[in-house]
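Heads up: the structure comes next, in structure tokens.
The values are calculated or read from the model by the stated rules, or taken from the named source; none is laboratory data. Every value quoted in this text rests on a predicted model; they were computed, and no experiment measured them. Neighbour counts run over all protein chains shown; Cβ positions are idealised from the backbone, glycine included. The protein model used for the area step is the full one, side chains on, heavy atoms only, and it has no ligands, DNA or RNA in it. Shrake-Rupley method; radii C 1.70, N 1.55, O 1.52, S 1.80 Å.
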2 protein chains.
Amino acid sequence: MTITTIGLDADDTLWHNETIFRLTHKRFVELLAPYADEQALESKLAETEKRNLRLYGYGVKGFTLSMIETAMELTQDKVSIGVIKQILAAGREMLTEPVEPLPGVDLALHQLSERYRLVLITKGDLLHQEQKLAASGLGDLFAAVEIVSEKDADTYRRVFARHGSGAEQAVMAGNSMRSDILPALEAGSWGALIPYPLVWAHEAADAPVDHGRYVELGSIAELPAWVDKVAG
Amino acid sequence: MTITTIGLDADDTLWHNETIFRLTHKRFVELLAPYADEQALESKLAETEKRNLRLYGYGVKGFTLSMIETAMELTQDKVSIGVIKQILAAGREMLTEPVEPLPGVDLALHQLSERYRLVLITKGDLLHQEQKLAASGLGDLFAAVEIVSEKDADTYRRVFARHGSGAEQAVMAGNSMRSDILPALEAGSWGALIPYPLVWAHEAADAPVDHGRYVELGSIAELPAWVDKVAG
């Protein structure tokens, strides 16, 4: 097979993200402990996030607004301004969190970039994702960066047509079965799942069964060799 | 001159935006009237927005977070949860505001799209800008959409290289001297200012003097004829 282009997810594929969200969840639960138990808080927050996804999209700013909304709803507006202030602060800290590439990312991307065009394909806040890429030091390895509002088959067709030689000659690699793998396979690309220990509930999905263009890797370190094998 | 591509700003060029922000400012001032006068509120909000721009970027979600922060700071955390709730609601309403193309936009874009490639180039929240474009009914007239975190000369060079035949063969049209015109001229493009009655303070800048590739038009209805004249 001819492979010209590698699409890479960013959050939880190149650097930690869900870990930071989980830490903020923990802080949120502690702040609101006087009003509700962890389970009630988490389920209400998940409900608010899901309801707001259509309006706020993905990313830290929308998540911060959803935390504030949840805090007010769960306490029947009895939450203190001090708590709202701490939620705002938690959101700001998420946006300024240092970005450290995950183990093996740097080497794998260097190897891949010698033979293929690398394209970063990620959801989230536009400015924040650009800032994370710059802070990661990985920016120069990518031929293109596409920050998208949704990852569906059309997204991959469009991005791989624009930045490569079509979806059929592209591999998509990422940690989300639902966003990175299934729609890329549907578009005709190859899909390499690189699991991350935590998965946001919204991103969970079943693995494809006996799919010829799909692989689950142990880590990103295995990606260059797998792509080379596909490319023959 | 050969002109192949027309870049168009979105907010306040194709549809109202600043008007909606001003209405929300007014609502914000009314909500906090018990705590501070209009001038103090506006100047504090402008200060907070400016400070947060690096972190939140452009768009409604960041603006909502800045309103909440300002309300707490200006009242020394004495603001009521009811007010915070109304600020959240105001932000949500901005995100669901119906989108109506400004007068003359539809005809001008139809005329331009017969002869040139149209590219939408806008700042703001990714998902919200995509939603506004879809709601406007203008989406099919554009060959490409670029939602960017900053509009500088490099942005225009990159976008017009990607979607056209380079910045020298492109016209950028928009209402912001600072974001739409000056950096596009610097990149080598032509610039057509289409004034909107309100300008966000952050976007104000002086007009270029005696610049051969710059024009200020009375309305977008004049754009097709001016571009045709440039293109000879």
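Please give the charge dipole size of the stretch A:18-96, origin at the Cα centre, charges +1 on K and R Cβ atoms and -1 on D and E Cβ atoms. Round to the nearest 20 debye. In total the dipole reaches around 260 debye. The C-alpha atoms of chain A define a longest principal axis, and helix A:81-96 lies at about 20 degrees to it. Charge dipole (Cα centre; +1 on Lys/Arg Cβ, -1 on Asp/Glu Cβ; no other charges) of chain B amounts to roughly 440 debye. With the charge dipole of chain A set up from +1 on Lys and Arg Cβ and -1 on Asp and Glu Cβ about the Cα centre, the Cα lying farthest toward the positive end among the listed residues A:Q131, A:I181, A:T24 is that of A:Q131. Residues of the stretch B:65-88 that bury at least 40 Å² of accessible area once all protein chains are present, compared with their chain alone (1.4 Å probe, heavy atoms only, ligands and nucleic acids left out), are B:L65, B:M72, B:D77, B:I81, B:K85, B:L88. Shown for B:E150: label points 7 Å from Cα along the beta-carbon vector, and their distances to the equivalent points in the other copies, 3.1 nm in ascending order. For the protein assembly as shown, the share of accessible area belonging to carbon and sulfur comes to 52 percent (1.4 Å probe, ligands and nucleic acids excluded). Relative to the other identical copies, B:R162 shows label-point distances of 0.5 nm, where the label point lies 7 Å from Cα along the Cβ direction and values run shortest first.
Bridges between two residues of chain A, per DSSP, are antiparallel at a rate of about 5%. Measuring between alpha carbons in the structure, the pairs from B:K50/B:K151; A:K61/B:K85; B:K26/B:K85; A:K85/A:K123; A:K61/A:K85 lying more than 24 angstrom apart are A:K85/A:K123. Principal-axis analysis of the Cα atoms of chain B puts helix B:126-136 at an angle of about 70° to the longest axis. Roughly what angle does helix B:38-56 make with the longest principal axis of chain B, taking Cα atoms, 0 to 90 degrees, to the nearest 10? In chain B, helix B:38-56 runs at an angle near 60 degrees to the longest axis.
Residue by residue along A:119-126, Cβ atoms of other protein chains within 10 Å of the local Cβ number 3 on average. Per residue, the stretch B:18-96 exposes an accessible area of 43 Å² to a 1.4 Å probe, with every protein chain left in place.
When both bridge partners sit in the protein assembly as shown, DSSP labels roughly 5% of those beta bridges antiparallel.
For the stretch B:204-221, putting each phi into the Karplus relation 6.51 cos²θ - 1.76 cosθ + 1.60 with θ = phi - 60° gives couplings of 6, 6, 6, 6, x, 9, 6, 9, x, 9, 10, 9, 9, 9, x, 6, 5, 4 Hz, in residue order, rounded to whole numbers and with x for Gly and Pro. Among the residues of B:93-99, the average count of other protein chain beta-carbon atoms within 10 Å of the residue beta-carbon is 1. Each part gets one Cα centre, and for the stretch A:23-90 versus the stretch A:133-153 those centres are 29 Å apart.
Placing a label point 7 Å from the Cα of B:Q111 along the Cα-to-Cβ direction, the distances to the matching points in the other copies come to 5.9 nm, shortest first. Chains B and A together bury some 3200 Å² of accessible area, summed over both sides, with a 1.4 Å probe. For A:G191, the residues whose amide H sits under 5 Å from its own are A:M172, A:Y214, A:V215, ignoring neighbours fewer than 5 places away on the same chain, with H placed 1.01 Å from N.
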